[in-house]
Amino acid sequence: MHKHDAGLPIPASIPEERFHYSQGGDITRRFPRLFYNSELEAQISEDRRVSRKHLINTLNYINFKDGTILLTFKHRKYDKIISFEVRPLRIIENSLDCGWLETAPPVANLASYEFQYLLISDGLKLILARPEMRYATEDEISFILPETCYEVGFRKIRRHTCEMVSAELTQNGVMLGGTLKDFNVIALRVDVSAQSRQSLQWVNPKFQMNVMLRNEDDILYSGYCRIIKQSFSAKGNFVLEPLYNQGKRFMPREYRSLRQKISPSPSIIFRHPFTGRTITLKADDLSSSGFSVEENEDSSVLLVGMIVPELVIDFAGSFKIKCKAQVLYRNAFKDGMGKDCVKCGFVILVMEISDHTRLSAVLHQARDERSYLCNRVDVDSLWGFLFETGFIYPEKYASILGNKEKFKENFEKLYLQDSDVARHFVYQDKGQIYGHMSMIRFYENSWLIHHHAAKKSGHLGAGIEVLRQIGYYVNEFHSKYSDQMNFVICYFRTENKFPNRVFGGFERYAKDPKVCSIDPFAYIIHQKCYIEKGLPDSWTLTEPEPEDFFELKSFYEHEAGGLMLKALDLEPGTGSYDIDKEYLRLGLIRKRHIFSLKKKGSIKAVFMVNVSDIGLNLSDLTNCIHALVIDSDDLPKEIFYSCLSLLYRYYEQEEIPVLLYPLRYASDRSIPYDKVYNLWVLNNQYLDTYFKHIENLFSRVRQPKESQYLSQAGIIK
């Protein structure tokens, strides 16, 4: 790497400092350092000639953006070189008039100097011109432009002037404040503020420095840099080289989001956080977690580690997705024409849930055109599919028959409205639905998978494909805070072969209840009792105290040590009612009430009363009572039933589902139950382990019997 590539000022850089004149009028007092570079003139070559027409166009553009150029003078007697920054004012024919930026140098003193040349910089190269000076006044200086000039002082990578970016530099307890003046992708130039100058002497140039760049609202960059150059002039500045060209935002994973090439390729549009200029690049590939773009190396603007607060992914103008993103890596390559280019990868940091879902839907279609995510389903076709596959079997239909209109209405709210709490996955070909699966966010950080069904004919792998879809989705979004997806849960019965093979199989494969746990519940359908049975005087059923949750946690850790309490928001200090508002926005109900059952102040059980609309879950597992018995030895069956009768007032239906834990309490107390539901919880930090199990499972599915039940996909009720 050449020094000037790393960011050392080349002659075209405007001098950092300028002083007002002293009373004596010495013009050299305007700048603290003299300007001279003997190599510039040596670089003049006929094959780098620039025409007067091009020079005039360049000067007009500088005038248009209120830019400046540099004038260089040489003392007639002492060979002293000085420079002045001026602003081009107007060009009349071949005459260029420029205005002094500050108080003009005394004309009498300027007569002691001979004009040498003017310099124009675009951050990558210089244009050196030798115009003929016409006159100089206190306001202006005028020239006759030459027919030709020359390009000199080439950089490998263009430098870019920055706007309104503050800098904080720290090293071994020393903190300096300043501003980012300019940068390229391999170096930063920071001017130190007046308040920090006294600390400059404490900086050791041999040690690395931590740099944080920010605007008024956001942190734009943070990282360690090597000090290339350090100035102790009146203002003070540093030229710094970032130490890392590769970054990491999340923990490395074996099963990453698949990056795909989309046609037409979406545009990546953003306002550069350092320069304020609008940047438009094409996405080379795209995933739900990030994307990559390509740049010409000499004009690259993407610094590794830089954060873009607002970026737009534009799909040919048809729709746009906004996000916050960060440059994660930068790799050099040569294109087909042999030109030096770089490929830069972005990671998506923040994106609205609705936008994330739309992006994922595009990627699912790109992966398999028959895979749909949250598409607008024809509800009549979906009903026909659910009846045809046996997902809604006769006993189940009998239980919803009396409320079928309400049932249909609630289903349409879930499938036809944009939602932050519901997702559905459909495998569909030529208008026919072959596979379906859905999930809802019913707890703070947990999504419930349910409604899994597939046809026995047609696309035999449809049941597996929708399972894969939901796996892709969870893998893509679980790390995004906005999706609140720390856990995935589902309820299944052991006799259902497919979920027992997939979900139960993974719990057996993981062999760690903190990775995946299964807790069996007795499922009881209890008739509503309109006469509340009160509790004896020594018993109370009230809102829980904080210590009750600690007692519940201690019991569960001893009993099973799994993830159930985390997933159901039953740990100390957990639980939120923000989800209720989103359900309310959809015209749906989601409420939760928790009660502690105590005997003489000693906790015996915890009841979680979930209230939701009919149809949210076909077995009403989101509209039922979860009873968690802590002290099985000291909770009579009659007291248990009395508690249920007191809690029935929260429900309108005649039959109330109850999930009772632990299962042995029902057996020990001879409490009849209809079936056993297993609550399966997956900790999404261990998705790599889950996908490895799924990959091994499906790769072994070759025998006819196994193929048959896997293609049918089973039914999770």
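Summary of computed values
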item	result
Percent breakdown of C-alpha pair distances by 5 Å bin, ordered from the shortest bin, for the stretch 428-503	3, 14, 23, 23, 18, 11, 6, 1
³J(HN,Hα) computed for each position of the stretch 680-689 - Karplus, 6.51 cos²θ - 1.76 cosθ + 1.60, integer Hz, glycine/proline x	9, 10, 10, 7, 5, 5, 10, 5, 4, 5
For LYS456, solvent-accessible area (1.4 Å; no DNA, RNA or ligand), Å²	140
28 Å Cα-Cα threshold exceeded, pairs from LYS404/LYS456; LYS406/LYS514; LYS408/LYS675	LYS406/LYS514
Segments 178-188, 65-75, 663-673 sorted - mean Cβ within 10 Å per residue, highest first	178-188, 65-75, 663-673
Tilt relative to the chain, helix 379-388 - C-alpha long axis, 0 to 90 degrees, to 10	50
The stretch 162-200-the stretch 385-400 distance, computed between alpha-carbon centres (Å)	68
For the stretch 515-625: Kirkwood Rh in Å [reciprocal of mean 1/r, alpha carbons]	16.0
Relative contact order of the stretch 168-245, defined on C-alpha pairs under 8 angstrom at six or more residues apart (%)	30
Cα-projected label distance for LYS282 with SER699, points at 7 Å along beta-carbon direction, nm	3.6
Per principal axis, descending, Cα span of the stretch 376-485 in whole Å	40, 33, 23
C-alpha center-to-center spacing [the stretch 69-91, the stretch 643-688] in angstrom	86
Separation of alpha-carbon centers, the stretch 425-504 and the stretch 135-151, rounded to whole Å	73
Residue-averaged 222 nm ellipticity for the chain, from DSSP H runs of 4+ at -39500 (n - 2.57), nearest 500	-6000 deg cm²/dmol
Portion, in percent, of the accessible area of the chain that falls on carbon or sulfur, probe 1.4 Å	48
Debye equation applied to the C-alpha atoms of the stretch 113-213, log10 I(q)/I(0) at 0.21 Å⁻¹	-1.02
Cα pair distances in the chain, grouped into 10 Å bins until the bin that holds the longest one, percent each	2, 12, 18, 17, 13, 11, 9, 8, 6, 3, 1, 0
Reachable lysines from LYS324, criterion Cα separation under 28 angstrom, eight or more residues apart if same chain	LYS181, LYS248, LYS261, LYS282, LYS343, LYS480, LYS581
Hits among lysines - C-alpha to C-alpha of LYS80 under 24 Å, sequence gap 8 or more where chains match	LYS235
Interchain or long-range residues, amide H under 5 Å from VAL50's placed H	CYS149, TYR150, GLU151
Anchor LYS511: lysines whose Cα lies under 18 Å away (excluding residues fewer than 8 positions away in-chain)	LYS692
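The values are calculated or read from the model by the stated rules, or taken from the named source; none is laboratory data. Since the model is a prediction, treat every value here as computed from it, not as a measurement. As a convention, Cβ positions derive from the backbone with ideal geometry for all residues, glycine included, and neighbour counts pool all protein chains shown. Keep in mind that these areas ignore ligands, DNA and RNA; they rest on the heavy atoms of the full protein, side chains included. Shrake-Rupley method; radii C 1.70, N 1.55, O 1.52, S 1.80 Å.
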